[in-house]
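J.: Submitted below is the structure of interest, expressed as structure tokens.
Just so it is clear, none of the values below were taken in a lab; they were calculated from the coordinates. Given the structure is predicted, the values throughout are model-derived calculations rather than measurements. A quick note on method: Cβ atoms are made from the backbone with ideal geometry, for glycine too, and the neighbour counts reach across all protein chains shown.
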Amino acid sequence: MGASQCSQTHPQKYKQYEDFADRTGFSLEQINNLHKRFRQLSDNTETISRENLENIPALANNPLRKQIIGAFFDKRNQHEEEVGSIQEIGFQQFLMVMSHFRPPGLKMTEEEKEAMRKEKLRFLFNMHDTDNDGTITVDEYRKVVEELMSNNDIGQEAAKAIADAAMLEVASINMPHMGPDDFYEGITFEHFEQILKGLEMESRMNVRFLDVDTSTMRCGKGK
Amino acid sequence: MPSKTVSRSPAGGFIHTLHERGLLVLLVLLVLQGTVLPLGAASSPDHTTHQKPLDSHGEAGRGHDNITYIKKSFPVLGIDYHHIRLPFEISLWVLLASLMKLGFHLIPRLSGIVPESCLLIVVGLLVGGLIKLAGEQVPPVLDSNLFFLCLLPPIILDAGYFLPIRPFMENLGTILVFAVVGTLWNTFFIGGLLYAVSLIQPGNPSDLNRLELLPCLLFGSIISAVDPVAVLAVFEEIHINELLHILVFGESLLNDAVTVVLYHLFVEFAAAGTVTFLDVVLGVICFLVVAIGGVLVGAIYGILAAFTSRFTSHTRVIEPLFVFVYSYMAYLSAEMFHLSGIMALIACGATMRPYVEANISHKSHTTIKYFLKMWSSVSETLIFIFLGVATVDGPHSWNWTFVTVTVLLCLVARVIGVVGLTFMINNFRIVKLTTKDQFIIAYGGLRGAIAFSLGFLLDPVLFPNRKMFLTAIITVVFFTVFVQGMTIKPLVELLAVKKKQEAKRSINEEIHTQFLDHLLTGIEDICGHYGHHHWKDKLNRFNKKYVKKCLIAGERSKEPQLIAFYHKMEMKQAIELVESGGGVKMPHAHAMPSAVSMQNIQPKKPPPPVVVPPPERALPQLSKGREEEIRKILRSNLMRTRLRLRSYNRHTLIADPYEDGLGDLLLKKQKMIDLEKKITEMNNYLTVPASSPDSPTITRARLSSDTDFKADQTQKEDIFCPDPQAYSSKAMSGSVPTIYVDPASPQSPDSVNVTDEFRRAGQHEERGLMMKPPSEGRRDDKEGEKEGGRDQQKLVRCLSDPGPSADEDEDEPFLP
């Protein structure tokens, strides 16, 4: 309920928010807004399951739906040294995943930007690296491209060809001196960083999180 | 007709005769020059050679023309300069402009310090001075008609057609704020303060004290608009990052609407003398009409052009013309209603491009690109030269106070405007503008020839201060172009502003751009907040579902972007193969050192059990002789394709290698590659698992690097047989992966040139990529070793065709 998040009336909740804010870098208003959305998605329960997300109507047309939803339930995106997937996520986990899409701040130093870029790239990498072995193999990459084009009825052949070309490009950029017998196992994270250098992830992989919240929604509603 | 060449009539007397004939000449000129000649109608009728009794005689009359003259001996040689004067002079100007551009790049050190625009203005000053010294009257070169109808459209069309749409749309809000609010602010700030200055009464009254408010504001509106031509000229040389470039450049394009409205408004008010509240309201409405109307006119013509290009598959030769003519019509139509012609052109170019590009042939695309670049660069050069000439010519009225105050106010207004607006905008931007960015945006606000032409248009009767205005405008233009234009490059270096990424888009980046689009849309949907990714996605869907079907012919309408990208890449490689000489044995044929090939990335799974071994496998190893034979056959096949493609057809372009022969070529190559692979497999089938035949590109796209080839060579010689054609073509272009294509950039696939490739190779190294391009000296060695004459030749050929992209060859025009 909207009223339950009101900071004045619920000091405990407020404290928790501050804790989240420290961890994720979101502002309190943003967290508040996201929590509202979380409640909405989870039908006012404490956790979100895959079904909850799959039921979002706007997602229905997204070719990457499965992967996006999968990323929310991936332990690797929680900044803890764990792997595997979770069945249901709480608000904290939800926030953690969302924090990957924060825009860079105006006063960030170069190092902070670099860290942010790495973090964002790692998120993408994890989305591709489904079996979590540290490399994106050809098969995994092919799957990515296939998913990407699943909305257009393009044959698998085309997707495969594109993924192969891309893979070849990675290999040739990163390992130019391969003998005919050598085998390029797959894209490591370092190589992944290398090939996406030009995309400037830190300024690109952003979503606008609403942070201006009307005061009526914050305190007035439930009193 | 023989009579046409004989022109013995005296020049003066026929101007009033045969007007259709003059019109015809004018029309021819129009087609030839692609421009309307404003002065043409007046002087070109000199062309008429004989005095026909009456126009109605027509064909019959012509035969008897000669008898109407008094018999005199047939002149073997005669001079009739008037006959050709106008086109001749135009050609001279164009030639001068082109030669200057050429000469400018011949002095590399100079181009490092002084921007081209400055030098061109200096040249213009010199030329103007010479004309004046010769006692001739300086032609009114920067006449407003000439400028707005001939010189400006090519530049704007070039900018609009190759507008980077993605960054433009992503920053549209910021650009609009700068363009509209910023220009308004500048106008009123400069105009108002100038009026305030004119109110200060010094002891001796001057021109300045007779200024009224409206002329001041008018002057402010003229002087405050950032000029796209000047901005392009300077920004293309400093290679600033995409965001800043699009912000400043976008502003310079979009503020045209504001300038047009303010200009007409103030001219109108100045004539009427009074301003009512209603006038102001009408002015605001007028602004909306001008801006939106301009965009609409442009979009309509753009869609028309796209629709037309749907049906041009049988007359490929005139395809490019549609793009030009429709755009020019859009510009003229918009100008006709006093709408913003610049916005119409931009809208037209940007609307038609994706559809037209899908419809037209690859060659037409190249043609469009070259023509646009050629026209725009000549126009730009001419504009700057004319600016110099006009400075010498112009009636000046130098007023120290007015000029200094104007220059100062321009600077101050710009800085305050940018800082203030950025402070506002940053609240809404995801990626904030830093102080450095603000500085560059403020500093990049160059004024240019548009302001001058607008000032030139002023009615001297209504505006007695016209001369003073013109002088001030010229001073401001010179100040921004010279001082700011020359210092902006060192400042960019000093501040370490992020530069443009030089490398072309790789396929991985393309994949991830699309991946990100969908990912961010998905995340926005999960957040429940519909941001711009969401709407962009909706728009894309709509575009794919309806618009593309109407405007793009055939199967290509269903092609998703990634596939299109991939096809372009494939096409480029095929063309490279053809151009690099196809089957001809290259000197580097043996230098196929290490190659990353498909086999390297194939998963090392055991081949599926059902795989039927290819029949050749059962055979004993091929003998060297047989292998050579196969190779020879392959080679000659490719040769033949290439030879056939050389045949030339003026009208149909059917024998176009890049079009219809391509499929054939691809097929042949596929076959060849399959065979090749089999041969290779036969030689080392123990080491390489059978791989399914891949798409041609993949297999072909072996990327070679010849740095360590000597070491590897011996070892590899027995495994890899010398690769005759397909692969060796890559060796020529160094170790650069050939799959760099950027569909969004003006550079089309085929214009990649060797210089560029080498330079890029160098950058790769800097950026820490593992690929080692052959070093300069090393390459020379090699060329010497292996009868490098041919290679050299190719190099020269490639260099002579450096592609139209303006920033391509700026840095190192003479690499090898």
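J.: Which FRET efficiency value, to the nearest 0.05, is calculated for B:Leu99 and A:Ala60 with the Förster distance at 51 angstrom and r the Cβ-Cβ distance?
T.: On the way: r = 62 Å, r/R0 = 1.21.
Efficiency, rounded to the nearest 0.05: 0.25.
J.: Within a 10 angstrom radius of each residue's Cβ in B:426-433, how many Cβ atoms of other chains show up on average? Whole number is fine.
T.: Counting other chains' Cβ atoms within 10 Å and averaging over B:426-433 gives 4.
J.: Would you mind putting B:237-245, B:125-133, B:157-165, B:225-233 in packing order, based on average other-beta-carbon counts within 10 Å, highest first?
T.: B:225-233, B:157-165, B:237-245, B:125-133
J.: What would the Debye formula give as log10 I(q)/I(0) at q = 0.29 Å⁻¹ for the alpha-carbon point model of the range A:107-166, no solvent?
T.: The computed values of log10 I(q)/I(0) come out as -1.10.
J.: Ordered by residue, what ³J(HN,Hα) values in Hz, to whole numbers, does the range B:262-270 give under the Karplus form 6.51 cos²θ - 1.76 cosθ + 1.60, where θ = phi - 60° and Gly and Pro are x?
T.: The phi angles translate into 4, 4, 5, 4, 5, 4, 4, 4, 5 Hz.
J.: Among the listed pairs A:Lys75/B:Lys432; B:Lys432/B:Lys498; A:Lys75/A:Lys118, which are separated by more than 20 Å between their Cα atoms?
T.: Violating the 20 Å Cα-Cα cut-off are A:Lys75/B:Lys432.
J.: For peptide A:194-205, how many partner chain Cβ atoms fall within 10 Å of a residue's Cβ, on average?
T.: Details: counts 5, 7, 7, 7, 10, 9, 6, 2, 1, 5, 7, 5.
Shielding by partners across A:194-205 averages 6.
J.: Over all residues in A:134-141, what is the mean tally of Cβ atoms on other chains that come within 10 Å of each residue's Cβ?
T.: Working: counts 0, 0, 0, 2, 4, 2, 0, 3.
Counting other chains' Cβ atoms within 10 Å and averaging over A:134-141 gives 1.
J.: Which whole-Hz ³J(HN,Hα) couplings does the range B:91-100 yield from phi under the Karplus relation 6.51 cos²θ - 1.76 cosθ + 1.60, θ = phi - 60°, glycine and proline marked x?
T.: Each residue of the range B:91-100 in turn: 4, 4, 4, 4, 4, 4, 4, 5, 5, 5 Hz.
J.: Okay, next question. Give a residue-ordered list of calculated ³J(HN,Hα) values for the range B:468-485 (Karplus: 6.51 cos²θ - 1.76 cosθ + 1.60, θ = phi - 60°; whole Hz; x for Gly, Pro).
T.: 5, 4, 4, 4, 5, 4, 4, 5, 4, 4, 4, 4, 5, 5, 7, 5, 5, x
J.: Which shape class applies to the range B:377-517: rounded if a/c is under 1.5, otherwise prolate when a/b exceeds b/c and oblate if not, where a ≥ b ≥ c are the square roots of the Cα gyration tensor eigenvalues?
T.: Details: a/c = 2.51, a/b = 1.86, b/c = 1.35.
The shape class here is prolate.
J.: Return the long-range amide H neighbours of B:Asn399 (sequence gap of 5 or more, or a different chain), with a cut-off of under 5 Å between placed amide H atoms.
T.: none
J.: Moving on. Sort the following peptides by mean Cβ neighbour count (other Cβ atoms within 10 Å, averaged over residues), highest first: B:361-373, B:458-470. Don't skip to the end; give the middle numbers.
T.: Values: B:361-373: 20.1, B:458-470: 17.4.
Descending mean neighbour count gives B:361-373, B:458-470.
J.: Oh, and also: Over the range B:229-288, with a single point scatterer placed on each C-alpha, what log10 of the ratio I(q)/I(0) does the Debye formula yield at q = 0.22, 0.30 1/Å?
T.: So the normalised log intensities are -0.81, -1.18.
J.: What does the C-alpha gyration tensor say about the overall shape of the range B:335-447? Classify as rounded when a/c is under 1.5, otherwise prolate if a/b is larger than b/c, or oblate.
T.: Because a/c hits 1.5 or more and a/b fails to exceed b/c, the range B:335-447 counts as oblate.
J.: Please find the FRET efficiency linking A:Asp22 to B:Phe542, where r is the Cβ-Cβ separation and R0 is fixed at 56 Å, and quote it to the nearest 0.05.
T.: So, using R0 = 56 Å, E works out to roughly 0.85.
J.: Any chance you could check the Cα centroid distance between the range B:444-469 and the range B:277-329 for me, in angstrom?
T.: Computed from Cα coordinates, the inter-centre distance equals 28 Å.
J.: Next question. Please find the FRET efficiency linking B:Val461 to B:Ser91, where r is the Cβ-Cβ separation and R0 is fixed at 35 Å, and quote it to the nearest 0.05.
T.: In this case the efficiency is close to 0.45.
J.: Here's something else I'd like to know. Please list the non-local residues whose amide H lies under 5 Å from the amide H of A:Glu88, H modeled 1.01 Å from N, same-chain partners needing a gap of 5 or more.
T.: Amide H to amide H, under 5 Å and 5 or more residues apart or across chains, A:Glu88 pairs with nothing.
J.: Here's something else I'd like to know. Does the range B:369-414 classify as rounded, prolate or oblate by the C-alpha gyration tensor (a ≥ b ≥ c root eigenvalues; a/c under 1.5 gives rounded; else a/b over b/c gives prolate, otherwise oblate)?
T.: Oblate, since a/c reaches 1.5 and b/c is not below a/b.
J.: Here is the link list: A:Lys113/B:Lys545; A:Lys36/B:Lys436; B:Lys499/B:Lys548; B:Lys101/B:Lys500. Which ones come out longer than 31 Å on Cα distance?
T.: A:Lys113/B:Lys545; A:Lys36/B:Lys436; B:Lys499/B:Lys548
J.: Fully extended, how many nm does the chain gain between B:Leu288 and B:Arg109 (0.36 nm per residue separation, minus their Cα-Cα distance)?
T.: Additional length available on full extension: 59.7 nm.
J.: Ranking request for peptides B:409-418, A:114-123: highest mean number of other beta-carbon atoms within 10 Å first, then the rest in descending order.
T.: Answer by packing, highest mean first, reads B:409-418, A:114-123.
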